Amino acid sequence: METSLASAPMLRPSTWPDALQSRAEHPDAAPICGGTDLMVDINFGRSRPAALLDLTSVEGLDSWELIDDGSTVRVGAGVSFTTIVEELSHLCPALAQAARTVGSPQIRNRGTVAGNLATASPAGDAHPALLACWAQVEVESLRRPRLIEIDDFFVGPKSSALASDELIRAVRVPAATGPQQFAKVGPRNAMVIATASFALNLDVAGRRVGTGIGSAGPTPLRARQAEQMLEETLIDRWDSPGAVADDVIRRFGALAGEAASPIDDVRGSAEYRRHALAVLARRCLSWTLADLPGASARQVARS
Amino acid sequence: MTVTDTATRSSASAAADGVGVSAPRPDGVPKVDGSFVYSSDEYHDGSLWGVTLRSPHPRARILAIDTSQAAGVDGVRCVLTHEDVPGSKLFGMNTYDQPVLAFDEVRYQGEPVAVVAATHPEIARRACELIVVDYEELVPVTNPEIALSGQVEGLPQGGLVRHVRIRHGDVDEARATAEVTVKGRYEMGTQDPAFLGPESGLAVPLGDGGVELYVSTQDLHRDQRQVADCLDLPLDRVRLVLSGVGGAFGGKEDLNVHIHACMLALSTGRPVRMVYGREESFFGHVHRHPAIADVELGATRSGRLVFTRVRLVLDGGAYTSTSQVVIANGCYFAAGAYDVDNVEIDGYATYTNNPPCGAMRGFGAVQSCYAIESAMDRLAAALGMHPLELRMRNAISEGDLLPTGQPVDGPAPVQEILSYLRDLPLPADSDHTTGDMRARPGGVGNVTRGEGIRRGVGYALGMKAIGFSGGKDDTCTARVTVWIRDGEPVAEVHCAAPEIGQGVVTLQAQIVRTELGVRTVELRDSDTDIAESGASSASRQSWMTAGAVVGACALVRDEILERAAAVLGSPAAGLSLDGTEIHDCDGRPVLSVAELLGPESVSHAYTYSHRVTEPVDPERGQGDAHIAFAYAAHRATVDVDVDLGLVRVVEMATAQDVGTAMNPLAVEGQIEGGTVQGLGLAVMEELQFSDGRIVNPSFTDYLIPTMLDVPPMPMKIFEFPHPDSPYGLNGVGEPPNLSSTPAILNALRDATGLELPRAPVRPSDLVIELGGRANRRASARPLQA
Amino acid sequence: MKVNVTVNGVDHSVDHVWALESLLDFLRERIGLRGTKNACEQGECGSCSVYVDGVLVCSCLVAAGQVEGCSVVTVEGLAPDRGVHPVQQAFLDAGAVQCGFCTPGMVVAAHCLLADDPVPDDLTVREQLSGNLCRCTGYQKILDAVYLAAERAGAAPSRQGSRP
């Protein structure tokens, strides 16, 4: 094939410092790891970056480790969704469940949480779970490393707090201390972009409730009022919740639906998204409550 | 490429892998090992890449086109517009009304405006972006009812492609005798064929000023005529060769890259490849017509249909394509596979500024089957009768008159088909509180542990003509040649019939083995060097090709036997041919074919015609328009999460009459594939538009079923041989696509109690809590078995 | 840009590769292996499935430069000596091929599935192959092919092989 296209070399750093150096020196190079978002834009002619900064060869990025005395899982930016499904389903159940719904096996073999974050789509499957778990994003530039709280990360549709000279190095996800759930609605039973998704984390050790909403607003969202209401309900019952009243579950669902700010688009109506979120939140809550130690068996069959 | 197929299953019998067994595909090995050449794989040294510039507007006046900047790009070899079209500036399936490259006005988003050839596809794409087209945007007409009103300007023929009227009996009189009547409006969104192999081809300029085109298509000769007309070349200077077809389903009947690639090749003097990307593909082929159908049924209390009235509107989009035929086919079968004395059908195909619609598997009958089968369930509910019982009570049978006045001839085993579905045990209930989420609505989305799930069961019956109808009688020609290689007879078949996945190549080899007993059969490329085969469409190609190959084999056999008779000095009538040997009247081998032929070959072509059909009259739609009919029915079992509106189809049971199963495995594959395309149309597949613009031209948002969306498909294949066809076979490909969609809709209605007046059903339509917009319906009684 | 890669066991060193070129285009146009198919170029159909260092990927979503130094195996490389691999044979015998455009990717994905899980259950097959779309067959015969290949491999355990 004859080619007269000006062809910038692909940047392939093998160490993290080199990667940061490349990022600083080539601000017009697009970072690429799994390529599952970027290559679609390139193939469809929507994006023509001057060069690619390939991170797949950077040493150490594709592994995860426990830090903070085992209380936090540090997931390297190159860790695939497949690895998360296979290795982190106990430490990060909501994230692992979300990872399983990402695209196809081929996509999960390449795609990463860091890539999900860098794209910052409101439909990114990992986001609700990261919100529900109060994850932190480790980013770094030649200037300095910094930790971005997940609540500060998403600033608009497909826009994040990541600066133009920064790279995502890892995501820190607190290990589960109680039951978690992730549920996602789409019109196909596999390989589908979320019409709406919801994640719930009952942080038994921290006496906290974490939530995350996907595909139902300009950014991934948190259902704060739902979290607060449930924390108040559970305040003295974390260790023996017994049976939680139906109206609490309904109220939780309603608050989750109200927390969304969805729009009508090709994937679904705002009305449907809000409704679906309420249903997902109710169901996720009843499943997680049933999994709490000391839960009443009656909880299981409801909703 | 030439495909050689040697029967391998059993060398003991020369007729191994003949007609009626599941012979392996001759193109199977190259298709599994990656060596099969599809049109997007065609390659030629020094070839350029062609890319198309398309209109971003659904309707706009073209004021000027400036290609100078694009033409100056390094690597660009030529840029062509409508001014460069050598011959007819218009093409089309039946009516030449679609510009090769737009001039004056673009009438749909995605209409081709210019083409570029360059040394690399990316260079060509960038050059396209440098072409300056000065558009004056106009307000598009996107609503077919408004187009029909005659109130809008700027549409051809005042917005009407064709009005089809069918009058049978007297509906107004019959209405007075009907004890129960129901009315309903049923809408259907736009389905896309979504074949995986994109439109593509390679054009090679020839020394004599002609051109050779390797392309994927459903009909080489119809393509050839259009290409030659637009290039202003005689037919013998335009040679088409069938390249590997990666699926078609109707979407490769209309031209795509053909003329553009040839123009670029002839202008540059170099071979030109064109391959559409997925997004472009959604603009590069016709879609299934979206439909609005109003159905009124009248019946006696005992459930005997008294009248059927249907008004069907199909939006044909910007250009005619096959719309005038699709609307006719939709109307022919709008009353379903039922015997009803009084029928009134009015069908309208419209022009709008939506993308053109044309052929897709089922060809209008998908839309009308969906409508009538939805209405039949409504009638069953109104009668308090089981929907299957209502269907069996009114099922058509041999000798009944169709609404077009034609008596149903050939087998019509509708009772047998429905009885199978009635007697087949229903799938077991699932326990969703345990078990696997992947078996529930929502699948891996992890949305339910049994909450909100309801089961529903639905039935539908479909009927369609096989072959071209209404006086469009066609032919198929095949040549069979036998010679000796390494002491063994070899047969070659040459036929233009496009192999589009259905297995017509397998069938040709099977027939030659059965007719001549020759084990090794070679299939020549399908091309325009031989007379036409007609299209691989209308479920006709097996019938037509079989007729041609059987005929050619007979001529070859006759000549071989006559030659043998001359050698042996005995009458040919007493001799028979069994592959390698000539046998006498006692079955004894008396002469080997190798000995008889030596270095010579025997070769004959045969042209097969089906029986004559006639057009229906424009006033009452009466006429013997069809050569044959085929029937299929489905029983769908679904689980619906009525809180989230998600669906898991649990089972699709189906029964179909295929005449003779020429290749049982291939027949099953057609039925399963057609059923799943109908499933997609029921629950997920819709090309969506906003003011004439496609909003989901990608496989991310135009969803087709995955393996996790399809259920087990128990099936019964009935074989009632058709009296008029070769071997008694009947068309197979389209019938399963008809009844699948309404069976699922009826099952969803059964599960939810909602009217569900539109397909595909979206999750929000199925949420009972949000169901205010879709009315509740009465429920039907259980089947009195 | 120059790319050095091993494809189906053969070393290639290719000059003048466009920086934004996908592995799919690289395989098809530079190496001349057109068995890997271009159906959607957005990772939604699986027709371009190949192995990169033993991992199943959509080659349309891998930039060609990312496979520098890697080993790629395509549909053409599944069977030794240009024969037919047992998984491919099962596709033929089960009637899993119609138009065949999805087949190369489906065969590679099925090969990977069976290498990881030699006796997969029905729902696992459906989930693991859900990224490979087929428009012709309705998938039933493809499922049959996977079971047939698994069954035959059970009878002759050494034949299925592992991921390349």
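The values are calculated or read from the model by the stated rules, or taken from the named source; none is laboratory data. These numbers come from a predicted model, not from an experiment. Glycine gets a Cβ as well: all are built from the backbone with ideal geometry, and neighbour counts include every protein chain shown. Surface accessibility is based on the protein's heavy atoms, side chains included, excluding ligands, DNA and RNA. Shrake-Rupley method; radii C 1.70, N 1.55, O 1.52, S 1.80 Å.
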| said: Criterion first (buried (at least 22 other Cβ atoms within 10 Å of the Cβ), farther than 20 Å from A:MET39 by Cα, at pLDDT 95 or above and not assigned by TED's automatic domain parsing to the domain that holds C:GLU127) does C:GLY54 satisfy it? | reply: no
| request: Output the number of residues of the stretch A:169-206 satisfying the condition of being under 30 Å from B:SER764 (Cβ atoms) and small (Gly, Ala, Ser). | output: 7
| query | Out of B:ALA625, B:ALA605, which single residue is in contact (Cβ under 8 Å) with a residue 24 or more places away in the chain and buried (at least 23 other Cβ atoms within 10 Å of the Cβ)? | reply | B:ALA625
| request: Examine the stretch B:113-135 for a residue that is open to solvent by less than 60 Å² (accessible area, probe 1.4 Å), under 30 Å from B:ARG237 (Cα atoms) and of a type in the set (D, E, K, R), and state whether such a residue exists. | output: no
| field | Unique match (being of a type outside the set (Ser, Thr, Tyr), within 7 Å of another protein chain (Cβ to nearest Cβ), open to solvent by less than 10 Å² (accessible area, probe 1.4 Å) and in contact with a strand residue (DSSP E or B) (Cβ under 6 Å, 6 or more places away or on another chain)) among C:CYS60, C:CYS40, C:CYS48 | value | C:CYS60
| remark: Filtering the stretch B:689-716 down to residues that are open to solvent by 40 Å² or more (accessible area, probe 1.4 Å), within 25 Å of C:LYS141 (Cβ to Cβ) and hydrophobic (A, V, I, L, M, F, W, C) yields B:MET715
| said: So, B:LEU426, is that one modelled with pLDDT of 95 or more, buried (at least 22 other Cβ atoms within 10 Å of the Cβ) and either of a type in the set (Asp, Glu) or more than 26 Å from the chain's Cα centre (by Cα) (or both) or not? | reply: no
| task | With respect to C:CYS99, determine if the residue is under 23 Å from C:SER130 (Cβ atoms) and out of contact with any Gly (no Cβ under 6 Å at 6 or more places or on another chain). | result | no
| task | Test B:PRO140 against the criterion of being modelled with pLDDT of 95 or more, touching a helix residue (DSSP H, G or I) at 6+ places or on another chain (Cβ under 9 Å), part of a loop (DSSP other than H, G, I, E, B) and not hydroxyl-bearing (Ser, Thr, Tyr), and give yes or no. | result | no
| request: Spot the failing condition for C:ARG34; the list is (1) facing another protein chain (nearest Cβ under 7 Å); (2) open to solvent by 10 Å² or more (accessible area, probe 1.4 Å); (3) over 13 Å from the mean Cα position of the chain (by Cα), and only one is missed. | output: (3)
| the stretch A:38-51 - residue that is touching a Gly at 6+ places or on another chain (Cβ under 9 Å) and within 9 Å of chain C (Cβ to nearest Cβ) and, of those, surrounded by the most Cβ atoms within 10 Å (Cβ to Cβ) | A:MET39
| What pairs can you find where one residue is in the stretch B:553-564 and within 8 Å of B:HIS604 (Cβ to Cβ), the other is assigned to a helix (DSSP H, G or I), and their Cβ atoms are less than 7 Å apart, with a gap of 6+ or different chains? | B:VAL556/B:LEU516
| Does B:ARG524 satisfy being basic (Lys, Arg) and either more than 19 Å from the chain's Cα centre (by Cα) or assigned by TED's automatic domain parsing to the domain that holds B:LEU240 (or both)? | yes
| field | The lone exception for A:THR288 - which of (1) among the hydroxyl-bearing types (Ser, Thr, Tyr); (2) open to solvent by 10 Å² or more (accessible area, probe 1.4 Å); (3) part of a helix (DSSP H, G or I) it fails | value | (2)
| query | Has the stretch B:201-211 got any residue that is closer than 20 Å to B:PRO498 by Cα, open to solvent by 10 Å² or more (accessible area, probe 1.4 Å) and of a type in the set (D, E, K, R)? | reply | no
| task | Please indicate, with yes or no, whether at least one residue in the stretch A:148-165 is among the hydroxyl-bearing types (Ser, Thr, Tyr), open to solvent by 20 Å² or more (accessible area, probe 1.4 Å) and part of a loop (DSSP other than H, G, I, E, B). | result | yes
| task | Could you check the stretch B:190-248 for strands (runs of 3 or more DSSP E) lying wholly inside it with 3 or more residues that are touching a His at 6+ places or on another chain (Cβ under 9 Å) and small (Gly, Ala, Ser)? | result | none
| said: Given the criterion surrounded by fewer than 24 Cβ atoms within 10 Å (Cβ to Cβ) and at pLDDT 95 or above, identify the matching residue among A:LEU55, A:LEU95, A:LEU130, A:LEU61. | reply: A:LEU61
| query | Only one residue in B:GLU187, B:GLU199 is within 30 Å of C:ASN132 (Cα to Cα) and at pLDDT 95 or above. Which one? | reply | B:GLU199
| message | Would you confirm whether or not the stretch B:666-679 contains a residue that is within 14 Å of chain C (Cβ to nearest Cβ), open to solvent by 20 Å² or more (accessible area, probe 1.4 Å), of a type in the set (S, T, N, Q) and in a loop (DSSP other than H, G, I, E, B)? | response | no
